[in-house]
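**Student:** Sharing a structure below in structure tokens format, with a few things to ask.
The values are calculated or read from the model by the stated rules, or taken from the named source; none is laboratory data. Nothing here was measured: the structure is a model prediction, and the numbers come from that model. Neighbour counts run over all protein chains shown; Cβ positions are idealised from the backbone, glycine included.
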């Protein structure tokens, strides 16, 4: 049935206030040729009919492919306990914990999530998550601009190109200078940094899967008064040096590897951790732990920086949700793994990827682009356009990887292959045989 809350009297009153005589007058500014004349809508369907129709449409998706796709989003195994716990109504129905007296469970879970991110990154404080990795990077860049009073950002081209596009879009009207260069994964060109640089932005592992050591690059950034920002894969932090150990001021990244399904692009969560000096400039929400007048532990939102709250025009962010359910899922995932489990899972990813490199580079005409070290992703140069090869392998039931020519035109023949703990040696062998057959 139709639902319209406004009566004819309501509409007449609104039109009168606007000085209009009809609803048509309200839309008079829209040229007739731009108005929809015939929506060509299908007939109404019952719930059962809609369910069947959507099911048939869903079956057209290639959803049973063996997945070697990565490029920032990965096909990891998610324990059943994650979904079972976040679907409890105490977590699932909560929008945001404005009233601490009735939201202690959610607040404690978010506090524990923040603590887990701090332990992963080695940094002093974390917020209660952001929308995704790209918006987290934008927020980190704006922190650097506000903190330094400068407007120049030096960013490596091996930072996820999706993040770089988002950063450029969000800052399009802020008159910032973006310097994007091919800084390799192991050093920083010192001549790119100057006294007008707000931040140096790197990624580890980078978009091509290479693991870098940025201590020297970040030291150079600090010498010029700039902040050091590091994008991270949180799962890789189980075995890699932490951002804090390399001197990063801000660590950000995509939390999807921590118990989040791929879900056609979301919802995901962006994580952020900062040094102690940057705590009060961090955007978003922070849950703090305190005690009440009887000495009992309690949790509440603290250091609120959103424009809706006390900061108003001095706000550091307009973030309107903290992806709390995704953050709770990430916390549950990390708790299920534990410290040793996270390390073992990261090592398993690296081992499976090493086996895949060995099998795939044995194929005539396939060349490994980089000499490593790597985490669970690597680049292969093929003897023909990678997009054509991927299309042929889709027909064989394999999503072979990401054709890098989409974001790096000079790498049209290069395929980015990701291997997680879900990919067995048998599946890797199937990929190798199928790839050799189509080349």
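**Student:** Examine region 376-383 for a residue that is over 18 Å from residue 66 (Cβ atoms), outside any helix (DSSP H, G or I) and under 28 Å from the mean Cα position of the chain (by Cα), and state whether such a residue exists.
**Tutor:** So the first thing to find is which residues in region 376-383 are over 18 Å from residue 66 (Cβ atoms), and the list is 379, 381-383.
Now restrict to residues that are outside any helix (DSSP H, G or I): 379, 381-383.
Adding the requirement that they be under 28 Å from the mean Cα position of the chain (by Cα) leaves 379, 381.
Looking for residues that are over 18 Å from residue 66 (Cβ atoms), outside any helix (DSSP H, G or I) and under 28 Å from the mean Cα position of the chain (by Cα), one finds at least one in region 376-383, hence yes.
**Student:** Restricting attention to region 368-381, does a residue exist that is out of contact with any strand residue (DSSP E or B) (no Cβ under 8 Å at 6 or more places or on another chain) and more than 26 Å from residue 261 (Cα to Cα)? Reasoning before the result, please.
**Tutor:** Just the residues of region 368-381 that are out of contact with any strand residue (DSSP E or B) (no Cβ under 8 Å at 6 or more places or on another chain), to begin with: 371, 375.
Keeping just the survivors that are more than 26 Å from residue 261 (Cα to Cα) gives 371.
Among the residues of region 368-381, at least one is out of contact with any strand residue (DSSP E or B) (no Cβ under 8 Å at 6 or more places or on another chain) and more than 26 Å from residue 261 (Cα to Cα), which makes the answer yes.
**Student:** Does residue 89 fit the bill of being over 30 Å from residue 347 (Cα atoms), modelled with pLDDT of 90 or more and either in contact with a helix residue (DSSP H, G or I) (Cβ under 9 Å, 6 or more places away or on another chain) or not assigned by TED's automatic domain parsing to the domain that holds residue 428 (or both)? Before you say what the answer is, go through the steps one by one.
**Tutor:** Values: over 30 Å from residue 347 (Cα atoms): yes; modelled with pLDDT of 90 or more: no; either in contact with a helix residue (DSSP H, G or I) (Cβ under 9 Å, 6 or more places away or on another chain) or not assigned by TED's automatic domain parsing to the domain that holds residue 428 (or both): yes.
Here the answer is no, as residue 89 does not meet what is asked.
Each row is one residue, and each column tells you yes or no for (1) modelled with pLDDT under 95; (2) over 22 Å from residue 112 (Cβ atoms).
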site	(1), (2)
337	no, no
340	no, no
343	no, no
359	no, yes
367	no, yes
371	yes, yes
378	no, yes
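**Student:** In addition: Among the residues of region 74-86 satisfying the criterion of being part of a loop (DSSP other than H, G, I, E, B) and touching a helix residue (DSSP H, G or I) at 6+ places or on another chain (Cβ under 8 Å), which is surrounded by the most Cβ atoms within 10 Å (Cβ to Cβ)? Walk me through how you get there before you give the answer.
**Tutor:** First, pick out the residues of region 74-86 that are part of a loop (DSSP other than H, G, I, E, B): 74-79.
Those still in the list that are touching a helix residue (DSSP H, G or I) at 6+ places or on another chain (Cβ under 8 Å) too: 78-79.
Numbers: 78: 17, 79: 13.
The selected residue is 78.
**Student:** Would you point out which residue out of 325, 331, 342, 336 is surrounded by fewer than 18 Cβ atoms within 10 Å (Cβ to Cβ), touching a helix residue (DSSP H, G or I) at 6+ places or on another chain (Cβ under 8 Å) and assigned to a helix (DSSP H, G or I)?
**Tutor:** Details: 325 fails: surrounded by fewer than 18 Cβ atoms within 10 Å (Cβ to Cβ); 331 fails: surrounded by fewer than 18 Cβ atoms within 10 Å (Cβ to Cβ); 342 fails: surrounded by fewer than 18 Cβ atoms within 10 Å (Cβ to Cβ).
The unique qualifying residue is 336.
**Student:** Residue by residue through region 244-255, note down the ones that are at negative phi and either assigned to a loop (DSSP other than H, G, I, E, B) or surrounded by fewer than 17 Cβ atoms within 10 Å (Cβ to Cβ) (or both).
**Tutor:** Those that are at negative phi and either assigned to a loop (DSSP other than H, G, I, E, B) or surrounded by fewer than 17 Cβ atoms within 10 Å (Cβ to Cβ) (or both): 244, 245, 246, 248, 249, 255.
**Student:** Do the conditions hold for residue 290, that is, is it touching a strand residue (DSSP E or B) at 6+ places or on another chain (Cβ under 9 Å), surrounded by fewer than 24 Cβ atoms within 10 Å (Cβ to Cβ), assigned by TED's automatic domain parsing to the domain that holds residue 152 and not in a loop (DSSP other than H, G, I, E, B)? Even if it seems obvious, please write down each step before you answer.
**Tutor:** Values: touching a strand residue (DSSP E or B) at 6+ places or on another chain (Cβ under 9 Å): yes; surrounded by fewer than 24 Cβ atoms within 10 Å (Cβ to Cβ): yes; assigned by TED's automatic domain parsing to the domain that holds residue 152: yes; not in a loop (DSSP other than H, G, I, E, B): yes.
Spelling it out, residue 290 is indeed touching a strand residue (DSSP E or B) at 6+ places or on another chain (Cβ under 9 Å), surrounded by fewer than 24 Cβ atoms within 10 Å (Cβ to Cβ), assigned by TED's automatic domain parsing to the domain that holds residue 152 and not in a loop (DSSP other than H, G, I, E, B).
**Student:** Ok, one more. If you check 187, 241, 164, which single one turns out to be surrounded by fewer than 18 Cβ atoms within 10 Å (Cβ to Cβ), closer than 30 Å to residue 347 by Cα and modelled with pLDDT of 95 or more? Walk me through how you get there before you give the answer.
**Tutor:** On the way: 187 fails: modelled with pLDDT of 95 or more; 164 fails: surrounded by fewer than 18 Cβ atoms within 10 Å (Cβ to Cβ).
None of the others qualify; the one that does is 241.
**Student:** For region 398-407, enumerate the residues that are outside any strand (DSSP E or B) and crowded, with 17+ Cβ neighbours inside 10 Å. If you could, list the steps in order and put the result at the bottom.
**Tutor:** Just the residues of region 398-407 that are outside any strand (DSSP E or B), to begin with: 400-401, 404-407.
Hits for region 398-407 are 400, 401, 404, 407.
**Student:** Then there is this: Residue by residue through region 256-281, note down the ones that are touching a strand residue (DSSP E or B) at 6+ places or on another chain (Cβ under 8 Å) and either surrounded by 24 or more Cβ atoms within 10 Å (Cβ to Cβ) or under 13 Å from residue 324 (Cα atoms) (or both).
**Tutor:** 268, 269, 270, 271, 272, 273, 274
**Student:** Looking only at region 213-243, which residues are over 15 Å from the mean Cα position of the chain (by Cα) and in a loop (DSSP other than H, G, I, E, B)? Don't jump to the end; show me each part of the working.
**Tutor:** If we filter region 213-243 for residues that are over 15 Å from the mean Cα position of the chain (by Cα), which is where we start, we get 213-229, 237-243.
Matches in region 213-243: 213, 214, 224, 225, 226, 239, 240, 241, 242, 243.
**Student:** Any residue that is surrounded by 13 or more Cβ atoms within 10 Å (Cβ to Cβ), out of contact with any helix residue (DSSP H, G or I) (no Cβ under 6 Å at 6 or more places or on another chain) and modelled with pLDDT of 90 or more - is there at least one of those in region 45-63? Explain how you work it out, then say what you get.
**Tutor:** Step one: filter region 45-63 for residues surrounded by 13 or more Cβ atoms within 10 Å (Cβ to Cβ), giving none.
There is no residue in region 45-63 that is surrounded by 13 or more Cβ atoms within 10 Å (Cβ to Cβ), out of contact with any helix residue (DSSP H, G or I) (no Cβ under 6 Å at 6 or more places or on another chain) and modelled with pLDDT of 90 or more.
**Student:** Go over the candidates 179, 159, 145 one by one and state the one that is in a loop (DSSP other than H, G, I, E, B) and either crowded, with 20+ Cβ neighbours inside 10 Å or in contact with a strand residue (DSSP E or B) (Cβ under 7 Å, 6 or more places away or on another chain) (or both). Reasoning before the result, please.
**Tutor:** Values: 179 fails: in a loop (DSSP other than H, G, I, E, B); 145 fails: in a loop (DSSP other than H, G, I, E, B).
Only one candidate qualifies: 159.
**Student:** Right, another one. Out of region 383-429, which residues are over 19 Å from residue 368 (Cβ atoms) and touching a strand residue (DSSP E or B) at 6+ places or on another chain (Cβ under 7 Å)?
**Tutor:** 387, 397, 398, 399, 427
**Student:** Something else: Working only within region 356-381, note down all residues that are crowded, with 22+ Cβ neighbours inside 10 Å and within 17 Å of residue 436 (Cβ to Cβ).
**Tutor:** Listed by number, the residues that qualify are 356, 360, 380.
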